[in-house]
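**Q** Just dropping this structure here.
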Amino acid sequence: MRKILFIILIICIKQLSAQVCFTSTNFPVGVDSTIIACADFNSDGKLDLVVASYNINGLYMLIGDGQGSFGVANIAYAPGFGLPPSYESCMISSDFNNDGKADLAYGNPGSVKVLYGDGSGGFPTTNSFVVSSSPSSICSADFNGDGKTDLATANSGNPGIISILLGDGAGNFSTHADFFAGSLGLWAITSGDFNGDSKVDIATSNYDSLWVLLGNGSGSFGTAIEYKAGAELISICSKDFNADGFADIAVSNTNSNDVSVLLSKGASGLFNPAISYPAGSMPWSVISADFNSDGKSDLAIADVGNNSVSVMLGSGTGSFSAAYTFTTDSNPWAILSADFNGDGKPDLATANENSSKISVLLNVVTPACTGCGILNYSPAVPNICMVTTDSVSNYNYNMITWDKTPYNNVDSFIVYRKDAITSNYLRIGSVSKNSLSEFTDTALSVGGPNGGNPKYSSWLYKLAIRDTCGNIGTQSPYHQSMFVQKSGSNFSWNAYAVESGQTNPITGYSFLRDDNNTGNWHVLVNTTGLSSTDPNYANYPNGNWRIDAFGFNCTPIRTQNTYLKSHSNTTNQAVTGINQLASKNEQITIYPNPSSGKFTVKCSEKISSIEIKNLLGEKVYSSNLPIGQSTIDISDKEPGIYFLTIQSTTSSTTKKLILE
């Protein structure tokens, strides 16, 4: 598989002055795409994209809005587009006829085809110019110093031939002049001033060699000099990576899964031996720009095997950092860089061969955080404050709580629970950085026969940070919920446990009883042990019992006392002699839930009272509810979890409400 186009290579260093961050969005095209180009094709001052595929007879254009978004793809040119049926093709944009409108040029079998833009997004006029064989890559520059744009192609046929076509400034090109570069067909081409004589030189590549041809300034080139660099040199770019005034070269090596950088030796036009950097799986296109605005050239690579773009930051001395990776759609073949949203930073776009979409990656503000810019940076490891049950009345779920204030560069917090069957930690949800720093575990069917139900067992939880670049950090040490059991009047519970490497915050436990299932808890005993006896157990057939752990030192959400302790499950929770409406789900319906404050309640029997309590057990709403349908409005309350208790003369139920 061979294909070349614009891709961004990023330079690597051991210590970075700034991190780089891209956010990726996919835009539908309707066909797989393998080549891509960028310009303002409709003359509105905003950059547009054109894409095509090696096996699709048509050119598709996506109009940019100047903010980094692109409209629906439309066919901009169809008749006889005829890209060669191979992986070797390319496309560039320039103003070839000097009319102020963006044109296109791409490789066709045995020729270069030029499409002249009309300034409104169309290409009504075309022309073809013969080259020595089918072009696999194309570049443009002023090779003869006359101020007019010329073309050069790397051709796929054996032996390796570069074809030079000199432009007349009116959109026409001369008969091709050919220059030899090895015995194998060529795959990639780029230009640059490698010896500092202000004349444009050429570099090209084939399977295992890089070839450099020095220009004489009149459109002719000297004998090609061969350099070894990796295996299957599929793409090539040129930039001054070490700031010595001479252009250097980077090539992507698809078979050796790396990028090779060759630094110029200066006025001789020769190059130092290649230095290679790991670049994912099947690195394809490579390009260079200053992505982190530090004045140093970086690299970006389309990583076909990992469906991503790898960005390597430059040190300014010719070395590069380990790659930052950013997700694209499937099989990114071609990559280019431009400022799509007008913020002064180079963005990225990829044509994706095994996808009907292109990917646009906007260069966003580098997050300010401790550790950013250091090799192998990872988001901070957060700490769980406590795991507790989610209410003073229901105890149906576990709630994980943390203090989010110490952490910068956070997109969201991800919560994991240990699977009782596999012992793996499963992701059960996430919480936005802008939400309350708590997560209620309702995934009761995941991770074992009893899921995460606090009525059946204690459970272990971990937390991780996803930063604004999409990196997910190391999971925190676990915190374990408490589970209380009874045998007659004897009660026992597990210690509130934390994973090694952190200090257990627990200073003691309170053993509590709710005498008659009314929500009125009182302490029977405070203890540092893990068991206790209720001598009056027999007097409270409708009672509930629970354990509270004390000693937590964090302020996860507010400063309320309920967040400074962890509640266990309760025992004997079902109340004798009262029918539960919860077992008659057809009698009551609540929607929408979650809600911004207004909940609709439908009942099929007469209700004597309705109450809503917050997590502290404080009543925040009460009313009577007739048969039929009514609306409850608590939009004036603080967002969070509430509990709605509905009581009739013969039955009761409690429902959880989520106020957003």
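**Q** Between ALA497 and SER609, how many nm apart are label points set 7 Å from Cα along the C-beta direction?
**A** Taking the simple label geometry, ALA497 and SER609 are separated by 4.2 nm.
**Q** Oh, and also: Once region 456-539 is represented by equal point scatterers at the alpha-carbon sites, with solvent omitted, what log10 I(q)/I(0) does the Debye formula produce at q = 0.16, 0.19, 0.21, 0.27 Å⁻¹?
**A** The computed values of log10 I(q)/I(0) come out as -0.76, -0.94, -1.06, -1.36.
**Q** So what are the ³J(HN,Hα) numbers for region 425-441, from phi and the Karplus equation (6.51, -1.76, 1.60; θ = phi - 60°), rounded to whole Hz, Gly and Pro as x?
**A** Using θ = phi - 60°, the values come out as 8, 9, 6, 10, x, 8, 10, 4, 4, 8, 8, 4, 7, 8, 9, 9, 7 Hz.
**Q** Tell me, what is the percent relative contact order of region 293-333, built from C-alpha pairs under 8 Å that lie six or more residues apart?
**A** On the way: 74 pairs, mean separation 16.2, N = 41.
That works out to 40 percent.
**Q** How much length would be gained if the chain were fully extended between PHE180 and ASP197, taking 0.36 nm per residue of separation minus their Cα-Cα distance, in nm to one decimal?
**A** On the way: separation 17, 0.36 × 17 = 6.12 nm, distance 2.22 nm.
3.9 nm is the gain from fully extending PHE180 to ASP197.
**Q** Can you list the residues, at least 5 places off or on another chain, whose amide H is less than 5 Å from the amide H of ALA102, using H built in the peptide plane?
**A** Amide H neighbours of ALA102, under 5 Å, 5+ apart: GLY119.
**Q** Taking a temperature of 4 °C and a viscosity of 1.567 mPa s, what whole-number D in µm²/s does Stokes-Einstein yield for region 106-162 with Rh from Kirkwood over alpha carbon pairs?
**A** Numbers: Rh = 12.4 Å.
Roughly 104 µm²/s, to the nearest whole number.
**Q** Let me ask another. So how much slack lies between LYS228 and ILE275, counting 0.36 nm per residue of separation and subtracting their Cα-Cα distance, in nm? Display every interim value, and only then the final one.
**A** Values: separation 47, 0.36 × 47 = 16.92 nm, distance 1.06 nm.
Length gained between LYS228 and ILE275: 15.9 nm.
**Q** Under the definition of Cα pairs under 8 Å and six or more residues apart, what whole-number percent is the relative contact order of region 201-317? Mind showing how you got there, number by number?
**A** Numbers: 298 pairs, mean separation 21.3, N = 117.
RCO, region 201-317: 18 percent.
**Q** I've got another one for you. Ranked highest first by the average count of other Cβ atoms within 10 Å around their residues, in what order do 470-477, 526-533 fall? Walk me through the intermediate numbers first.
**A** Details: 470-477: 17.5, 526-533: 13.8.
For the peptides 470-477, 526-533, the packing ranking is 470-477, 526-533.
**Q** Using a Förster distance of 41 angstrom, determine the FRET efficiency expected from the C-beta separation of THR474 and SER330, and round it to 0.05. Before the final figure, lay out each step's value.
**A** Values: r = 29 Å, r/R0 = 0.70.
Given R0 = 41 Å and the Cβ-Cβ separation, E is 0.90.
**Q** Would you mind computing, in nm to one decimal, how far apart the modelled labels at ASP95 and SER635 are, each placed 7 Å from Cα along Cα→Cβ?
**A** My value for the distance between the label points is 5.5 nm.
**Q** What Kirkwood radius, in Å to one decimal, follows from the Cα pairs of region 120-258?
**A** Values: mean 1/r = 0.0651 Å⁻¹.
Averaging 1/r across every pair of different Cα atoms and inverting gives 15.4 Å.
**Q** Label points 7 Å out from Cα along the Cβ direction at ASN490 and ASN536: separation in nm?
**A** Once both label points are built, they end up 2.3 nm from each other.
**Q** For a quick protection proxy, order the peptides 90-96, 456-462 by their average other-Cβ count within 10 Å, most packed first.
**A** Working: 90-96: 23.0, 456-462: 20.1.
Listed from highest to lowest mean packing, they are 90-96, 456-462.
**Q** Which cross-chain or sequence-distant (5 or more) residues have an amide H under 5 Å from the amide H of VAL364, H modelled 1.01 Å from N in plane?
**A** Excluding prolines and chain starts, which carry no amide H, the hits are CYS21, PHE22, THR23.
**Q** Sticking with this one: Be a star and scan region 94-108 for residues whose amide nitrogen sits under 15 Å from the point 7 Å along the Cα-to-Cβ vector of ASN172.
**A** Under cut-off, by backbone N: 97-98.
**Q** Another question, if that's okay. So for region 396-446, what are the equivalent ellipsoid semi-axes in whole Å, largest first, each being the square root of 5 times an eigenvalue of the Cα gyration tensor? The partial results should precede the final answer.
**A** On the way: eigenvalues 101, 31, 14 Å².
For region 396-446, the semi-axes come out at 22, 12, 8 Å.
**Q** Sort 484-490, 164-170, 414-420, 66-72 by the packing proxy (mean of other Cβ within 10 Å over each peptide's residues), most packed first.
**A** 414-420, 164-170, 66-72, 484-490
**Q** Taking 2.2 N^0.38 Å as the expected size of a compact globular protein, what ratio does the Cα radius of gyration of region 230-324 give against it, to two decimals?
**A** Details: Rg = 12.4 Å, N = 95, 2.2 N^0.38 = 12.4 Å.
Dividing the Cα radius of gyration by 2.2 N^0.38 Å gives 1.00.
**Q** What number comes out for accessible area per residue over region 187-258 if the probe is 1.4 Å? Units Å², please. Intermediate results must be reported in sequence, preceding the final value.
**A** Details: 2250 Å² over 72 residues.
It amounts to 31 Å² per residue over region 187-258.
**Q** Further question: For region 409-478, what is the Kirkwood hydrodynamic radius in Å, using each pair of distinct C-alpha atoms? Please list the in-between numbers first.
**A** On the way: mean 1/r = 0.0791 Å⁻¹.
In region 409-478 this quantity evaluates to 12.6 Å.
**Q** Also: For VAL446 and LYS602 in the same chain, what is the full-extension length gain: residue separation times 0.36 nm, less their Cα-Cα distance, in nm? Present the calculation step by step, with values, prior to reporting the outcome.
**A** Values: separation 156, 0.36 × 156 = 56.16 nm, distance 3.03 nm.
In short, 53.1 nm is gained.
**Q** Quick check: from the Cα gyration tensor, does region 178-264 come out rounded (a/c under 1.5), prolate or oblate? Mind dumping the intermediate values first?
**A** Details: a/c = 2.49, a/b = 1.24, b/c = 2.01.
Cα axes put region 178-264 in the oblate bin.
The values are calculated or read from the model by the stated rules, or taken from the named source; none is laboratory data. These numbers come from a predicted model, not from an experiment. In this analysis, Cβ positions are derived from the backbone assuming ideal geometry, glycine residues included, and neighbour counts consider all displayed protein chains. The area values use the complete protein model at the heavy-atom level, side chains included, leaving out ligands, DNA and RNA. Shrake-Rupley method; radii C 1.70, N 1.55, O 1.52, S 1.80 Å.
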